[in-house]
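Each remark here refers to the structure printed beneath this line.
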Amino acid sequence: MSSDTISFEKTGYFSSLICNYLIEKQELRPFYNRFPSIENFKAQIEEKQALVSSESRVVLSNVLNKQYQNIAASELSLQNIKALRDSNTFTITTGHQLNLFTGPLYFLYKIVSTINLSTELKETYPDYNFVPIYWMATEDHDFDEINYFNFKGKKVQWNRDTSGAVGELSTNGLDEVLKVLDNEFGQSTNAEALKKLFKEAYLEHDNLADATRFLANELFKEYGLVIVDANDAELKELFVPYLRDELLNNTSFKKVTETNKALSKNYQIQVSPREINLFYLDKNLRERIVYEGEVFKVLNTDISWSKNDLLEHLQKVPERFSPNVIMRPLYQEVILPNLCYIGGGGELAYWMQLKSYFKGVDVTFPMLLLRNSVLIKTEKQAVKLQKLNISDEDIFLKRHSFINKKVREISNIDLSFKSQKEHLKGQFKGLYELAKLTDKSFVGAVKAQELKQIKGLENLEKRLLKAQKKVLSDQVSRMTELQNKLFPNGSLQERNTNFSEFYLEYGELLIPTLIKNLKPLKRGFSILTF
């Protein structure tokens, strides 16, 4: 087992916003609270501690105890749920959709980052407790984003008609997916363990929220992970003042719109706010709430209220009101004693749009930490890469650039016409001097001829490179085949491959190995050789 890193910037897969955030570029300073260094957590603890009530801690702990009633939780997870009542206990949180069988690999990396940061904080600040949290996105309704996972280049998909929040979806039909997996996984000991895990999660639980809680708990319970389903009436009651503000004052729309104007000067905006950033939830229903003609309405339904009726309805059934992507982070930070949110580049980008909104409603803005990113390669693949003289930086190049670079390196002839171009430009210098002594129109003619001949050399250079690719086709094929395996479909492994492919190979060693090797506060893309 070996571990290396490459900078996020050198991978070519991360936005300028994220790369600039990681080097703490000053222009981004207004868009976050504190940078996630181990020293900065002390001030974050003090700020958050002053604003979290003992009443909300009790509600959170009680709700979690109810949600864990039918789960074989570890003693450490149960201790963490109990500890949330204590004013010296704080959370480190990541969130994720209810992807079928965890979806892409980065589901694991998010949670491992959360667990490892909690451990590191406990070592540094022993007087406090730190609980790793997985926030299940049970209120989402984008079924097409979560109903499949990729296994060895094949799409394993759950097909059904849906409506409403995905957490409440019945698991009917997933027995058919298990039949597919029975053929795909094979009959090894690790394969049988995977099939058992899928069966117990999805065929022995009635809805997707319960199934996902079981699955995440089985994978991470020994590390004290606590799983939160915030689609809960008691938790929503804690959020009522902010829901009321959203309906009456459109605070999120105003604040985020202001931030977007400032942030968009240099960076791409991830999400745009609506005037009301709430959905209405009911059985098989999740639709936007809008305000039209002095009346509040639920789109695509006959449901409507006057202002007074709506506020009365909010007090009676707050669980019917579901925050969208703009308000969900606020909901999380209101009900959790949270210090830090761990997410991918896209997530952190939209969190940065929310800083002024949090300030406007007097809620502590969490520290934002880019999750660990990982490329896993086998010992055999590592040996092949070394034999082919492919560096870590090479393997991250986009396909066209990768092939061109390696062909130039391994060719026994010079594929660059740089010297010829410089020689040509030198010859034209004399012609320019001559042109200056005669009619000015002749200067333009010389320039046009120079550009034409330079272009001709560039075309010849491209044809020579293409011809050399054919000559070296065997080596090019071996290199591209290796890159294809490490970067399926030309994308990062962690965004495409399901954990089951590696579990088949490494079994129960997979997650402990990730826990041992991933360092959440170490800036860099991890490359692990198993």
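The values are calculated or read from the model by the stated rules, or taken from the named source; none is laboratory data. This structure is a prediction, so every number in the text was calculated from the model and none was measured. Cβ placement follows ideal geometry from the backbone for every residue including glycine, while neighbour counts extend to all protein chains displayed.
Odds and ends about this structure:
- Test: I303 is touching a strand residue (DSSP E or B) at 6+ places or on another chain (Cβ under 9 Å), touching a residue at least 24 places away in the same chain (Cβ under 8 Å) and among the hydrophobic types (A, V, I, L, M, F, W, C): no
- Near pairs, Cβ below 8 angstrom, 6+ apart or cross-chain, from the range 19-36 (within 13 Å of Q353 (Cα to Cα)) to any residue that is among the small types (G, A, S) and at pLDDT 95 or above: P30/A262
- Residue in the range 102-113 that is of a type in the set (V, I, T), under 27 Å from L278 (Cβ atoms), touching a helix residue (DSSP H, G or I) at 6+ places or on another chain (Cβ under 9 Å) and crowded, with 21+ Cβ neighbours inside 10 Å present: no
- Scan the range 22-43 for residues that are more than 26 Å from K516 (Cα to Cα) and surrounded by 15 or more Cβ atoms within 10 Å (Cβ to Cβ) and the total you get is 5.
- Residue match in the range 448-462 (condition: over 57 Å from the mean Cα position of the chain (by Cα), modelled with pLDDT of 70 or more and loosely packed, with under 12 Cβ neighbours inside 10 Å): no
- Scanning the range 336-358 for residues that are closer than 15 Å to Y21 by Cα and assigned to a helix (DSSP H, G or I) gives G345, G346, E347, L348, A349, Y350, W351, K355.
- Qualifying residue in the range 245-267 (condition: more than 30 Å from N20 (Cα to Cα) and aliphatic (A, V, I, L, M)): yes
- Residue among S37, S56 that alone is farther than 23 Å from V226 by Cβ and small (G, A, S): S37
- Inside the range 121-159, residues that are assigned to a helix (DSSP H, G or I), in contact with a helix residue (DSSP H, G or I) (Cβ under 7 Å, 6 or more places away or on another chain) and touching a residue at least 40 places away in the same chain (Cβ under 8 Å) make up a count of 2.
- The condition of being assigned by TED's automatic domain parsing to the domain that holds L28, closer than 30 Å to E47 by Cβ, in contact (Cβ under 8 Å) with a residue 24 or more places away in the chain and not aromatic (F, W, Y) holds for only one of L278, L348, that being L348.
- Checklist (1) over 18 Å from Y357 (Cβ atoms); (2) in contact with a helix residue (DSSP H, G or I) (Cβ under 8 Å, 6 or more places away or on another chain); (3) of a type outside the set (A, V, I, L, M) applied to G293, failing item: (2)
- Residue among N99, N159 that is assigned by TED's automatic domain parsing to the domain that holds S61, modelled with pLDDT of 95 or more and not charged (D, E, K, R): N99
- Residue in the range 219-238 that is hydrophobic (A, V, I, L, M, F, W, C) and over 30 Å from L100 (Cβ atoms) present: yes
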